[in-house]
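Peer 1: There's a structure below that I have some questions on.
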Amino acid sequence: MTPEVDDDGIIHADSDVDSGDVGADIGDQIQTISLPFNLDAMATFEDTWEDLLRELDVPQLSPLLDQQLTNYMNAVERLGYEHLQELSPREAAITLALLAFKNAQFIYSRDLRAEDLHSPESLRAREIKEKMYPFGVPKLFICLDGRVLSKLIAGLKGNAYRTPAGDSPEFKPKRKGEGLFLTRVKGKFVGILCKDFADRIAAGKKPKSFQMFDSHLGCARKGQQMKKKRRVDLSDGGLKEDVIRKRDMITAMGDAVKGIYGEGSEYEAIGVQFSFDPRDGYLFMGLEKEQCLESLGSDDYTDQALKALVEEGKILHTKEMVEKEGSELRPILSEYYFELDYEKNYRESTLKFFTNLEAMSDRALPIIKEKLTQIIPELVAEDKRDELTQRAVFVLSNAYTAYLLNHDATGNEKQYKYAFHKESVIAVTYSEKGPFDRAVAFSVDPNDTHTISMDLADGIIRGIRESGMLSEYELKALLWLKLVPNADKLGEADKARLRKRIDTLVDKTIEVALENAAHHHHNHETIDLQSLIEQAVEEAKSPADLEAAILKVIKASKLAAKNKAHKLPSEAANVLTEYANNPIAAMLFERLEEPLGSDADLIKSLREVDWSDIVNIDWMNMTSEGFERYVSSKFPKIPAPVFRKINTLRKRAKDLYQPGNPANEALIEGRIVPVWTLADEDRKTIALFPFIAKGYEEAKEAA
């Protein structure tokens, strides 16, 4: 690499972009990008992380909230994680600036979404969907996977109970091994049902609760569970096993309601199963049918098996209903095409979606109802009429959502943009109201923080970083700080010129990352040639059969070679490899109930306090009384409910840092940096409390 000095005296380093063996594909499109490296400026670096942050396109928070974030980051810097001390001053400042940038992105996007949800457009959309669903808007029991969101499944606003694999330990095996039972004592799930019944009675409706259970394709958590249980990788990643468990959970739910309200009461919990495919946004329904399970025998729900069941008319697949030749549904959906963009146009997209859904329902719902009654004949019964409509509205909502996200205005197919993991932060919450265009979260069950979930999220996010599958905001900030070290010394004209170069590099990096993800998505890149050969020999009934099979194997091997990953632009690749080791933010919340959560004076007072000196006290070993004295010294006469919420954050932090937690090492080393947040009921940020640590002190008094 030969440095080159231009007329402005700026040092440039030409970089050789190795795009891999991709012929006339992406590699030929990548342009060599020269960026300035002022070595003298780097050697005398004096900027702080705040100076660097000002160089970035940081979303605007309110002044007091912005100060809260600054105080929090100052606490992180003051704590002095060892890995930060080992870095050069510049690299340490960049690391903190990027962490602050990501935290700001998260707070901004979630606070804005909370406002979206209370907008006139969203409220009108809610009226429409509540009118369309006979049993009310269904509650979804879905996985924490960042690609599996209520909005992407059926246009719904949250309304989900999100846990690993969409499962719950409250469903326990019966002692004699005859199915499951649902824990009723202090059970969250039973609480959800009882509240649903109470709300419907208060609204003058019958106490019937409609719950939907997802067994999504490609569930990493379920695949890991089944591999541990069976000692082998299942060909469907545990899909069939999960379908069977969800079927038993629904039975247990019904038994629990009968046990609480009595056999023959009007209280009823209706459970419906579906299987969402995060690769394209469509769904399957009917996999739990005994007829389907029996036809599989000992086989799994592989893509081939699912395709065969669809062709045999045994299960419903919304993609098949939309894409098949002569589809009755597709012309209706295309008539109501619009650019669905929940990330940047949430309010209008939400309202238009449900306005259109209602308008097309008279023509579209009969088509779907006919299909549903074909695969589930009992739905033709008069007493199942509302359930049939409930299912049909849900199926139509999914088909319409997936159609919009898989096609352009001309009806041609386009890449489904949510097929790939893009998570960049950890959010310990049941309720992520995505999709978001920035700070995409890997959700962790709030009751599951002592398990492997947070540790798994850590590994997944680092892999995503290295692959380049970042939001454009994050990638642009990263490349700017890493590749333009003397930005604050440059004039506006030079900055503008360099920002264009960075934009070009961002575009090319994202393009290659998406190409790589798409190849992996469509071709799986893990072709087992040995298995194909063994299968060919076993199935061949003649020399001709064997010859044809061998040709198939050769073709597969060539496909595998062809589909090797393209290389990212080298400037970006090097930066991303380093960035994979940067700290990951983990957002944790306590919500302040009304009316305190909307008390503007109280919120202002909490935000005016600098809580950063929490890192200087032994918050982990304090008694509640001792901590209350500390809080009162910062905020005299703090309302008792507010203190209890802050103290709950502290206690949760203490639990999180306990030795033995799989994520403990990452937390102590600062590879995961928790952000403890007091929020209102909509999870809008009120204040941040740095309950963080890099080690332990000997306890002097019991907490």
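The values are calculated or read from the model by the stated rules, or taken from the named source; none is laboratory data. All of these numbers come straight from a predicted model, not from anything done at the bench. For neighbour counting, all protein chains shown are included, and Cβ atoms are generated from backbone atoms with ideal geometry for every residue, glycine included.
Peer 1: Could you list, in sequence order, all residues of the stretch 315-332 that are free of Cβ contacts under 8 Å to residues at least 40 places away in the same chain and either crowded, with 17+ Cβ neighbours inside 10 Å or among the charged types (D, E, K, R) (or both)?
Peer 2: Taking the stretch 315-332 as the starting set, the residues that turn out to be free of Cβ contacts under 8 Å to residues at least 40 places away in the same chain are 317, 320, 323-328, 331-332.
His317, Glu320, Glu323, Lys324, Glu325, Glu328, Ile332 - these are the residues of the stretch 315-332 that are free of Cβ contacts under 8 Å to residues at least 40 places away in the same chain and either crowded, with 17+ Cβ neighbours inside 10 Å or among the charged types (D, E, K, R) (or both).
So that you can scan it fast, the table gives a plain yes or no per residue for (1) assigned to a helix (DSSP H, G or I); (2) surrounded by fewer than 21 Cβ atoms within 10 Å (Cβ to Cβ); (3) under 27 Å from the mean Cα position of the chain (by Cα):
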site	(1), (2), (3)
Ser334	yes, yes, no
Glu339	no, yes, yes
Arg347	yes, yes, yes
Lys352	yes, yes, yes
Met360	yes, yes, no
Ile367	yes, yes, no
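Peer 1: I'm told Glu115 meets every condition in (1) assigned to a loop (DSSP other than H, G, I, E, B); (2) over 18 Å from the mean Cα position of the chain (by Cα) except one. Can you identify the failing condition by its number?
Peer 2: Going through (1) assigned to a loop (DSSP other than H, G, I, E, B); (2) over 18 Å from the mean Cα position of the chain (by Cα) one by one, Glu115 breaks only (1).
Peer 1: For the stretch 1-96, give me every one of the helices (runs of 4 or more DSSP H) that falls completely inside it and has 3 or more residues that are among the hydrophobic types (A, V, I, L, M, F, W, C) and modelled with pLDDT of 90 or more. Lay out the reasoning, then the answer.
Peer 2: Details: elements: 39-43, 49-53, 63-79, 82-85.
Output list reads 49-53, 63-79.
Peer 1: Report yes if some residue within the stretch 675-687 is closer than 30 Å to Ala92 by Cβ, crowded, with 21+ Cβ neighbours inside 10 Å and polar (S, T, N, Q); otherwise report no.
Peer 2: Yes - at least one qualifying residue is present in the stretch 675-687.
Peer 1: Would you pick out the residues in the stretch 149-187 that are more than 30 Å from Phe353 (Cα to Cα), at pLDDT below 85 and not charged (D, E, K, R)?
Peer 2: Matches in the stretch 149-187: Gly177, Val185, Gly187.
Peer 1: Right, here's the next one. If I ask for residues that are hydrophobic (A, V, I, L, M, F, W, C) and part of a loop (DSSP other than H, G, I, E, B), which ones from the stretch 641-677 would you list? It would help to see each step written out before you state the result.
Peer 2: The initial filter retains those residues of the stretch 641-677 that are hydrophobic (A, V, I, L, M, F, W, C), namely 642-643, 646, 649, 653, 656, 663, 666-668, 672-673, 675-676.
Result: Ala663, single match.
Peer 1: For the stretch 684-703, enumerate the residues that are modelled with pLDDT of 80 or more, closer than 30 Å to Glu594 by Cβ and not charged (D, E, K, R).
Peer 2: Scanning the stretch 684-703 gives Thr685, Ile686, Ala687, Leu688, Phe689, Pro690, Phe691, Ile692.
Peer 1: Same structure, new question: With respect to Asn621, is the statement that it is touching a Ser or Thr at 6+ places or on another chain (Cβ under 6 Å) and either more than 29 Å from Leu505 (Cβ to Cβ) or at pLDDT 95 or above (or both) true?
Peer 2: Working: touching a Ser or Thr at 6+ places or on another chain (Cβ under 6 Å): no; either more than 29 Å from Leu505 (Cβ to Cβ) or at pLDDT 95 or above (or both): yes.
Judged against the criteria, Asn621 is not a match.
Peer 1: For Val243, which of the numbered conditions (1) among the aliphatic types (A, V, I, L, M); (2) modelled with pLDDT of 95 or more; (3) assigned to a loop (DSSP other than H, G, I, E, B) fails to hold?
Peer 2: In the conditions (1) among the aliphatic types (A, V, I, L, M); (2) modelled with pLDDT of 95 or more; (3) assigned to a loop (DSSP other than H, G, I, E, B), Val243 misses (3) alone.
Peer 1: Also: So if I check each of Asp618, Asp599, which one is closer than 22 Å to Pro63 by Cα and either charged (D, E, K, R) or loosely packed, with under 13 Cβ neighbours inside 10 Å (or both)? Full working, then the answer.
Peer 2: Working: Asp618 fails: closer than 22 Å to Pro63 by Cα.
None of the other options fit; the residue is Asp599.
Peer 1: For Asn398, state whether it is free of Cβ contacts under 8 Å to residues at least 40 places away in the same chain and within 25 Å of the chain's Cα centre (by Cα).
Peer 2: Details: free of Cβ contacts under 8 Å to residues at least 40 places away in the same chain: no; within 25 Å of the chain's Cα centre (by Cα): yes.
Spelling it out, it is not the case that Asn398 is free of Cβ contacts under 8 Å to residues at least 40 places away in the same chain and within 25 Å of the chain's Cα centre (by Cα).
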